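The values are calculated or read from the model by the stated rules, or taken from the named source; none is laboratory data. The shown structure was predicted, so the numbers you read here are calculated from the model rather than taken from an experiment. Cβ placement follows ideal geometry from the backbone for every residue including glycine, while neighbour counts extend to all protein chains displayed.
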Amino acid sequence: MARGLARAGHRVTVISRATDEESVTEDGGVKVYRVMPTPRWDPIPVLWRLNRIWPGFAWAAMRKLRTIHRNQPIDIVEAAEGRADSFFVSYMPGRPKLVTRLHTARIFVDRLNKTESEGSRRWEYWLEKKSISRANLLTAPSQAVVDLTRTWVPFRDDNTFVVPNPVDEKKFRPSALKRKNLVVYAGRLERRKGVDTIAQALPHVFKRFPSAEFLFVGSDGTDRDGRKWSDKLLDAVDSMQRERLRFEQKSRDALVKAYQEAAVCILPSVWENFPYALLEAMACGTPVVATQCGGFPELIENGVSGFLVQVDDSEALASRIGDLLAEPQLRNNVGTNARKRVEKLFSIDQVLPTMVAAYEHAIGRN
């Protein structure tokens, strides 16, 4: 979206978290500042514990924003509610209009993952709630996340815009690569993304298709018992089949090729907002299988541009995977429809006018 706005003639700046050192770069007409969280509590005895509660990136981002705004006035600041990145911006004197984009607040992520941390994270939840309630405007990729967030924080409909996540359909596109008996999962391994359902489905898939392969792209996570999800997935299959499960980190370019080669991309989440993983797969003409929950029905036409199964239904998930592995024509039809849906509704050029209209609405509000 940042590059799309820049191509349309808008001045766009991104402030992101640095992993090792601060930098300033240009990317597709967008200036990108990478900043380190401040203050740096690590070297200070006892105070290092503040890292657990102090939103250091939000503080550093606000300071960088204030400097930029002083030199070149800014009209709009957008930040996610997650991690409360806009918390300090919302209290900045003379600040630009603030747009908070609803991804999925931490309180819901913790509940979906069934973590026992609500008590210890009340401070984080409060920061995120303030980032929502103090915004001039809310945007969200799906109506589903609007409805979910409203159960926690009240807000008005006339202050909320549903703007889908856009996908770079020129980068993520179909290719002439031959499809393999490959199933791709892209995302962090965690409970809320249905990894336990995948584990239960694996034996059913391998029984029907012993030659199937599964590629899990993303970081590993641990379940409530402290065990890695990758280990649980490996334990779900026979020892001879474990080599057919791969766990990798991939660059964006390499991920495009993985989608293009895959027979199907899966994301059987317990709840999901509007995930890029499936948008990118659909843009590559890859059939997708997800769950009948959250924003998935807004993204996928069931049986046309993808398939939806019930949450926690491992047999239905395995059946849909098996059908797509077995029927090349079905794969082709669904993949073609998926690509057309992305071009019609979720390409950058299609989403850009709606996002600009939301920003103009925010600027025009008193």
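Of these, E243, E272, E248, which one is assigned by TED's automatic domain parsing to the domain that holds K193, surrounded by 22 or more Cβ atoms within 10 Å (Cβ to Cβ), acidic (D, E) and modelled with pLDDT of 95 or more?
Of the residues listed, the single one that is assigned by TED's automatic domain parsing to the domain that holds K193, surrounded by 22 or more Cβ atoms within 10 Å (Cβ to Cβ), acidic (D, E) and modelled with pLDDT of 95 or more is E272.
Just checking, which of N136, N165, N113 is touching a Pro at 6+ places or on another chain (Cβ under 6 Å), among the polar types (S, T, N, Q) and touching a residue at least 60 places away in the same chain (Cβ under 8 Å)?
Numbers: N136 fails: touching a Pro at 6+ places or on another chain (Cβ under 6 Å); N113 fails: touching a Pro at 6+ places or on another chain (Cβ under 6 Å).
Sole residue among the options that is touching a Pro at 6+ places or on another chain (Cβ under 6 Å), among the polar types (S, T, N, Q) and touching a residue at least 60 places away in the same chain (Cβ under 8 Å): N165.
Any idea which of S269, S305 is in contact with a Lys or Arg (Cβ under 6 Å, 6 or more places away or on another chain), farther than 24 Å from P174 by Cβ and not aliphatic (A, V, I, L, M)? Walk me through it before giving the result.
Values: S305 fails: farther than 24 Å from P174 by Cβ.
Unique residue meeting the criteria: S269.
In the range 301-346, how many are touching a His at 6+ places or on another chain (Cβ under 9 Å) and either of a type in the set (A, V, I, L, M, F, W, C) or farther than 20 Å from L182 by Cα (or both)?
So in the range 301-346, the residues touching a His at 6+ places or on another chain (Cβ under 9 Å) come out as 314-315, 317-319, 321-322.
From the residues that got through so far, the ones that are either of a type in the set (A, V, I, L, M, F, W, C) or farther than 20 Å from L182 by Cα (or both) too are 317-318, 321.
Total meeting the criteria: 3.
Quick one: which residue in V109, V30, V89, V46 is more than 30 Å from V195 (Cα to Cα) and either within 20 Å of the chain's Cα centre (by Cα) or at pLDDT below 95 (or both)? Walk me through it before giving the result.
Working: V109 fails: more than 30 Å from V195 (Cα to Cα); V30 fails: either within 20 Å of the chain's Cα centre (by Cα) or at pLDDT below 95 (or both); V89 fails: either within 20 Å of the chain's Cα centre (by Cα) or at pLDDT below 95 (or both).
Result of the check over V109, V30, V89, V46: V46.
I'd like the full set of residues that are in contact with a Gly (Cβ under 9 Å, 6 or more places away or on another chain) and polar (S, T, N, Q), limited to the range 15-41.
Across the range 15-41, the qualifying residue is only T38.
May I ask you to list pairs of residues, at least six apart or on different chains, whose Cβ atoms are under 8 Å apart, with the first in the range 280-301 being crowded, with 24+ Cβ neighbours inside 10 Å and the second being part of a helix (DSSP H, G or I) and polar (S, T, N, Q)?
Cβ pairs passing all conditions: C284/Q260; T286/Q260; G295/Q143.
Tell me which residues, restricted to the range 2-36, are hydrophobic (A, V, I, L, M, F, W, C), buried (at least 16 other Cβ atoms within 10 Å of the Cβ) and farther than 17 Å from R63 by Cβ.
In the first step, residues of the range 2-36 are kept if they are hydrophobic (A, V, I, L, M, F, W, C); the result is 2, 5-6, 8, 12, 14-15, 18, 24, 30, 32, 35-36.
Filter once more, so that each one left must be buried (at least 16 other Cβ atoms within 10 Å of the Cβ): 2, 5-6, 12, 15, 30, 32, 35.
Correct list: A2, L5, A6, V12, V30.
Filter the range 153-184 for residues that are outside the structural domain of L102 (by TED's automatic domain parsing) and among the aromatic types (F, W, Y) and give the result.
Listed by number, the list holds a single entry, F172.
Quick check on G82: is it under 20 Å from F155 (Cβ atoms) and not β-branched (V, I, T)?
Yes, satisfied.
Among (1) under 20 Å from the mean Cα position of the chain (by Cα); (2) over 25 Å from A362 (Cβ atoms); (3) surrounded by fewer than 16 Cβ atoms within 10 Å (Cβ to Cβ), there is one condition P39 misses while meeting the rest; what is its number?
(1)
Of all residues in the range 307-357, which are in contact with a Leu (Cβ under 7 Å, 6 or more places away or on another chain), closer than 30 Å to P210 by Cα and either of a type in the set (G, A, S) or assigned to a helix (DSSP H, G or I) (or both)?
D323, L324, L330, R331
Are there strands (runs of 3 or more DSSP E) fully within the range 1-101 with at least 2 residues that are small (G, A, S)? List them. Break it down into steps so the answer makes sense when it comes.
Numbers: elements: 13-17, 23-27, 30-35, 76-80, 97-101.
The qualifying strands (runs of 3 or more DSSP E) are 76-80.
In the range 349-366, what residues are more than 15 Å from V162 (Cα to Cα) and surrounded by 12 or more Cβ atoms within 10 Å (Cβ to Cβ)? Show your work before the answer.
The initial filter retains those residues of the range 349-366 that are more than 15 Å from V162 (Cα to Cα), namely 349, 363-366.
Scanning the range 349-366 gives D349, I363.
Looking at W123, is it in contact (Cβ under 8 Å) with a residue 60 or more places away in the chain, more than 21 Å from the chain's Cα centre (by Cα) and more than 23 Å from E360 (Cα to Cα)? Steps first, please.
Working: in contact (Cβ under 8 Å) with a residue 60 or more places away in the chain: yes; more than 21 Å from the chain's Cα centre (by Cα): yes; more than 23 Å from E360 (Cα to Cα): yes.
Answer is yes for this residue.
Residue check, S251 against (1) more than 19 Å from the chain's Cα centre (by Cα); (2) among the hydroxyl-bearing types (S, T, Y); (3) closer than 22 Å to R179 by Cβ, all met but one. Which one?
Here S251 meets the rest and fails (1).
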